[in-house]
Structures are given as structure tokens and as C-alpha cells.
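Data first, discussion second: the structure below is written as C-alpha cells.
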Number of protein chains: 2
Amino acid sequence: MKKKITIYDIAEKLELTAATVSRALNNNPKISEKTRKLVQETAIEMNYEQNTLARALKSGKSFNVGVIVPRMDSNFFASVIRGIEEELYPKGYHVIVCQTHDQENLETGNIVSLLNAQVDGILMSISNSKTKNKVFNKLSEKRVPLIFFDRKRDIPDVSSVTIDDFNGSYQATKHLIEQGCKRIAHLSNDRSLEIFKNRYLGYKQAIIDSGLEFDENLVVETISKVDEGRRVAKQLLNMETPPDAIFSSSDFTALGAIQEIKEQGLAIPEDISVVGFSNEPFTRFMELSITSVDQSPIEMGRRAAKVFLQEVNSKSKTKQPQRIILQPELIIRKSSSKRIK
Amino acid sequence: MKKKITIYDIAEKLELTAATVSRALNNNPKISEKTRKLVQETAIEMNYEQNTLARALKSGKSFNVGVIVPRMDSNFFASVIRGIEEELYPKGYHVIVCQTHDQENLETGNIVSLLNAQVDGILMSISNSKTKNKVFNKLSEKRVPLIFFDRKRDIPDVSSVTIDDFNGSYQATKHLIEQGCKRIAHLSNDRSLEIFKNRYLGYKQAIIDSGLEFDENLVVETISKVDEGRRVAKQLLNMETPPDAIFSSSDFTALGAIQEIKEQGLAIPEDISVVGFSNEPFTRFMELSITSVDQSPIEMGRRAAKVFLQEVNSKSKTKQPQRIILQPELIIRKSSSKRIK
DNA sequence: TTGTAGGCGTTATCAT
DNA sequence: ATGATAACGCCTACAA
């Protein structure tokens, strides 16, 4: 193993002290322009590379941030992460991504692991499970900034970046009503999570505002998987008066529903219209493209990262948590529009 | 900020030395069972948490490994990463994921960053770009294990875990021939990457072995995007004698091709059969399910992680690089089978 | 079995 | 402007 070059090596060569070298390298003001240049040039010449571990040990900052998502193979989360990277890389941070697969033990485990890895902050989208608030308290005890994105929980002093799920849902439902749909079903999801609760409420409100009858039987709870979408669609279609539209809180269940509807020989959107949520790429690529709600994930990631940077750089004891809410956009496609063919 | 508990604190309380505490905590044999227990209990009691940075600084191991992929929002790469995690988490490692987006500057940049973060190893799938071997040499200089998975480059002493792309391609093409196809086009990709070269070669060999005429005009190079698939499919369909089958080296271009074929009013698989590569979930979920080649990504990830563990734990100077080749599996679906409906 | 002491590479606080 | 020195928290010869 090649000997690692340290600031001592370059100090020795230049007949200086490690302290001086350190200052020169860090652009400390208390140093002459001449030595600064000399040191920096020699550093490059000698192939010096800073030992980040040592710096982290000394400064207490690792320049790593943890990102925790339920899964990273969905375009939505992958894009959020991309946004975070774009904002944080230029500032010298690294991004460690962990997946929870919606399992509580993995979620708490990941937090502990990241804490153990001395991350300077954690950006996360909480999973369906009921992770104890205790873990989060640990973070605040340690003064490690925690920022929620998309799936948040209401914790005092914790910032979050979300979209206006209520409004996205409201728009989507309104759109279906404008298309002439009267009995609109809603594929919901674990409503202990705010996003799904709000999507449900937006849907409900749009129906009530339009003077249609709100029927609780048309709301079914499921999880965000294609097969689950199929299963609950089958249930709905078996009703005495089946729905003439389905608004799903997930693109994946919307896809499953579409499969089932087609299999039963019904036409989309003529017999039943379908709208999803998240604007996953496949909604655009399907032969029958799917109307969906775009959540501007990259922007969401960037904003969350910015909040982190603010918090980590602020000295003040009393933090003013931020609650940023982005506006979603309804993307109308074939699955719900009798006009677009 | 709550004062961090260190081994000194617990040593003080127990009227011992930090050295003893360290030994007790690390299950060093040279210690009495009694003090070991005592120390460990007090550690828990005092809420002691090891400072991994300090340990890393001292031991030279960070227990972080870097994973570099072109992108993480494809099911294939996400699953490989999952496999890596499954193998490495139990061993106490963390996984830092970086994306290159097939850009050379990001690729080299990521390697440098990870190196900077003192990772104990790097598992990567190289991008399309022509990353200089120089960067890789740097890794071997530093004795940081490098393991390629899926997309590799032939570098002496570097281990790799790949699938038998030639065979996967050969099987897929054979299957199309058995279905009665005579003019089989191939959507290729950057053949400076081994995987795409081998997929091309497997395709070619299957055609030759079956006594069909190999026509170079039926091979078009593209990149793995849906829209690109559409574009080149259009080209192919415009030929004087268009193909009666398309074997794509990517599921995404296969999807684009299918869209174009349908748009032109042709029937799949009756007029044209289509086969993709990677077994992305959407190939199963499409209304017209797509035949594809499964690459067992989770297994690939696990194997790559195992190779890393071996290399990082081996003391020997002379490393014997491993070249593991997994066997792919052809999954036959509607897009290529006149029997499955 | 336990303690002592030195070092991992850096930065920060003195003093010069 | 620069040097000397201590400290960050941990590990590990070596000595006792």
C-alpha cells in the first residue's frame, strides 16, 4: 500500500508546520498569499488528498446526509433523490440512500445506522408503518436536522416539503366530473399517512362541491401495488351499481385497475375513466396513456435539500420549522378524456 | 447539544482505563468475563454509542461501500442494489449509492467522491461513456476493491459478476425463430460495452446456426429509451422488406417499438413479434405483455457483495480476480408467442 | 488481566 | 504570518 500523503509530509518538504499547511489548504485568512500558493501547488504536486474522516472527527461534520425512502425503484422517489443530489453535491455533501420497503424495523434501523455513520442530517419520506416518534426524538436530541418530504408526520420543529395533495386530488376529481362521470370510486391507501388522508379529503370535497352524492362504499383502501389494484377493481366492478370512474391515489393501483377493467371487456374511458397519482413514466407510455397528477419530484428534492442546508448552517437555538407546500399539476391523458384519442 | 458519551466517560465511572473499556466492547479475548459484562452493561446504561468516524480513522476502515449505477430508477439496478444491501447490511456495512446518468464526468466524479469518503470498496456498473482507465488504476493503487456487475470492462485483477448475455440473446433469438420468424431485427446499443456486444453476438450466432440469412441492415444501434425505440422501429418498418420480429437489447426500446408497430396498425405477435431484455416489471404488466430475458438482479447483487467481502477480508497480496457469470432466463409472454393469448 | 502511551490526520488555540 | 501543542475518540503495542 502506497504511503498516504498527509499535511505533515508536505509541511516537512516545505519546512513548515502542519498547522500552516492546514491553513493554506483551507484558505484561512491568516496566511500570506505566497505560502498559500506554494502550499497549494506542492499539495497538488505531491498528490495530497485530504482525509475526510480526520476532518470529520475533528469538526464533528461528516458531510454526509442520509436519505430514507420507502423504495427507490419508483420514478417519483428516484427523481426526488436526483433533486437532492443536484442541490447538495455542489456543496460538498454526499448522499447515502436507504430503503425501508415500508417495514418499520428497516426504518428505525436505517435511522440508527445513518446516525451511526454520523450523517449531518436526514431527509426522509416516512413509510406506512408506525415508526415510533421516539426515534425521531433521538435525532432532535442530537441536533441532527430532520426534513420530511412527501410523506411527513406532524412533529413540532420538524420541517417538511410536500405537495398539496388535497388540491391535486380535488382537481383530478373535478376533471372526472367535468367528463360527465357521476359515480367516482377512490382507491385510497393507509390514511394514517397525511398524503393519503389529504388525497381522500380532496376527492370527497370535490364530489360534495359538485352536488354529487358522496358514497363511502366507493372508497376502498389498498396498497400501492399493481396486483392490489386489480383485486379491488374487481370488487368495485362487482357492485350492484358499479362506478363509472376510478380515481386512484397511486399510479400502480390505477394500472392494475385498468388491467382488470379491460379484462372484463369494458372500455376506457367510455365505460369507466381512470386517473392515477404521481405521473410515473409508464402512465405516459402505456398504449392507453393514463391521466395522472404530477408532483414535481425534482423540485421537491431541491427544496428539501435547501431547507437542510439552512438548518445545518444556522446557529440559532430556536429553529423555525418550515412547511413548504408545492402545487401539483394534473396531466390529462387518454384514460380519462373522451376528447383526447 | 447533549454531551456525547465516550469510552472515557464509562472508564471514569467504572474506575478503569479507556483501553480496557475498548477491549471489553470489542470482545477482545484479553479481558475477564466479569469486567467485560460490567462494561457492556454500563455502556448500554449510559447510552454509549461508538463514534464510527474515530474507529474508521484509526482502523482505516469506514465500513461504507459505494455503489455506482447509471441510474437507480430502473427495476434492474434497484434490484441489484437490494441484493447488495441484503448481503452487506448484516455485516455492518453501509451502502452509498451514486448515479452517473451515463455521463462521464459524473462517473469519475463519483469515484473520486467515494474515495474521498473513504469507502472500503466500490461496486459498479460502468456507464456508456468512455471513462478513463486512469481512475480505476487509482482504485487499485489504493487497494480499494473494485467489483463490476452487469456492465464491466476488462481490467486485469478486477472481479466481475455478469450474466451470460450471449446465451440470453441466443435463447431469445432461437425462440423467435421457433415461432416461425424469418427476418429478425436487433435493436442494439453501444457495443463498446461488453453486454451489448455479447447480446449482438448471441443474436447473430442464433441466426447463423439456424441457417437463416444474417442481414446487417436489420441491426440498428440505439440507446435505452422508449422514444428511441419508436424512432428506430419506424425506420425498420419503412424498409423494403420489413422484419417480422424485433429482438431488443433493452425493454425500454422494445416498448417504444411496440408502440410504433401498433400505431402503424400491425398486429403483435401475428405480424411482428417482439422480445426485450431485462424483465422490467412493466413487461409483465402491459396489456400486451412483453417477452423478455430475466437477469436475476438480486442474485447478481448478492454475488457481487460476496466477492467484495472476500476481497476486503483477504490478506494475500496476489488477488485472484473472480469472473462470475450468471445464467439468464427467457420469460415468454404474449408479445412473441402465438400460443399464449 | 489491566494500564500506559502513542498515534490515526486534522483543526483550533495559544503563543511567538 | 507562523509555530507549538492539544484535542477529536478510538485502538493497540508494550509494559506491568
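The values are calculated or read from the model by the stated rules, or taken from the named source; none is laboratory data. These numbers were taken from a predicted model, which means no experiment stands behind them. Methodologically, a virtual Cβ is constructed for each residue, glycine included, from the backbone with ideal geometry; neighbour enumeration extends over all protein chains shown. Side chains included, ligands, DNA and RNA excluded: accessible areas come from the protein's heavy atoms. Shrake-Rupley method; radii C 1.70, N 1.55, O 1.52, S 1.80 Å.
When N is the residue count of chain B, what does its C-alpha Rg come to as a fraction of 2.2 N^0.38 Å? Write down the numbers at each step before the final one.
Working: Rg = 25.8 Å, N = 341, 2.2 N^0.38 = 20.2 Å.
Its radius of gyration relative to the 2.2 N^0.38 Å reference: 1.28.
What's the local net charge at B:M286, with K and R +1, D and E -1, over the other residues with C-beta under 12 Å away? Write down the numbers at each step before the final one.
Details: positive: A:K262, B:K262, B:R284, B:R333, B:K334; negative: A:E287, B:D251, B:E280, B:E287.
Value of the local net charge: +1.
At 222 nm, what value in deg cm²/dmol follows for chain A if DSSP H runs of at least 4 each add -39500 (n - 2.57) and the sum is divided by all its residues, to the nearest 500?
Taken over chain A, the calculation gives -13500 deg cm²/dmol.
Buried accessible area for the B:A pair, summed, 1.4 Å probe, in Å² rounded to 100?
Using a 1.4 Å probe on protein heavy atoms, the buried area is about 4300 Å².
To the nearest 10 square angstrom, how much accessible area does B:E270 have with a 1.4 angstrom probe?
Approximately 90 Å² of B:E270 is accessible to the 1.4 Å probe.
List the trypsin sites (Lys or Arg not before Pro) within segment A:87-142 that fall in a DSSP loop (any state other than H, G, I, E or B) and whose Cβ has at most 15 other Cβ atoms within 10 Å. Each step should come with its number before you reach the end.
On the way: sites: A:K91, A:K130, A:K132, A:K134, A:K138, A:K142; in loops: A:K130, A:K132, A:K142.
Within segment A:87-142, the qualifying trypsin sites (Lys or Arg not before Pro) (loop, at most 15 other Cβ atoms within 10 Å) are A:K130, A:K132, A:K142.
Can you pull the three principal axis extents for the Cα set of the protein assembly as shown, in Å, largest first?
79, 68, 58
Taking every DSSP beta bridge with both residues inside the protein assembly as shown, roughly what % is antiparallel (nearest 5)?
If we restrict to bridges inside the protein assembly as shown, about 10 percent are antiparallel.
Give the distance, in whole Å, between the Cα centre of segment A:1-38 and the Cα centre of segment B:1-68.
Their Cα centres are 33 Å away from one another.
Given a cut-off of under 8 Å on Cα pairs at least six residues apart, what relative contact order in percent is computed for segment B:7-50?
35
For the pair A:I332 and B:R153, how long in nm is the line joining their label points, each one 7 Å along Cα→Cβ?
5.0
For a 24 Å ceiling on Cα separation, which of these pairs sit above it: A:K152/A:K225; B:K134/B:K204; A:K132/B:K58; A:K58/A:K134?
B:K134/B:K204; A:K132/B:K58; A:K58/A:K134
In terms of the ratio Rg/(2.2 N^0.38 Å) built on C-alpha atoms, what value belongs to segment B:165-295?
Taking N as the residue count of segment B:165-295, the ratio is 0.92.
Please compute the contact order of chain B in relative form: average sequence separation of alpha-carbon pairs under 8 Å and at least six residues apart, divided by the residue count, as a percent.
17 percent.
Step through the table entries A:K61/A:K142; A:K13/A:K37; A:K4/B:K142; B:K234/B:K262; A:K4/B:K138; A:K142/B:K13, compare each Cα-Cα distance with 19 Å, and write down the pairs that go over it. Intermediate values should be presented prior to the final figure.
Numbers: A:K61/A:K142 13 Å; A:K13/A:K37 15 Å; A:K4/B:K142 9 Å; B:K234/B:K262 11 Å; A:K4/B:K138 13 Å; A:K142/B:K13 23 Å.
Distance filter (> 19 Å) returns A:K142/B:K13.
Quick one: label points 7 angstrom along Cα→Cβ at A:N313, distances to the other copies in nm, smallest first?
4.4
Given the C-alpha centroids of segment B:144-199 and segment A:71-100, what is the distance between them in whole angstrom?
Computed from Cα coordinates, the inter-centre distance equals 29 Å.
Within chain A, what percent of beta bridges assigned by DSSP are antiparallel, to the nearest 5?
Restricted to chain A, the bridges split so that about 10 percent are antiparallel.
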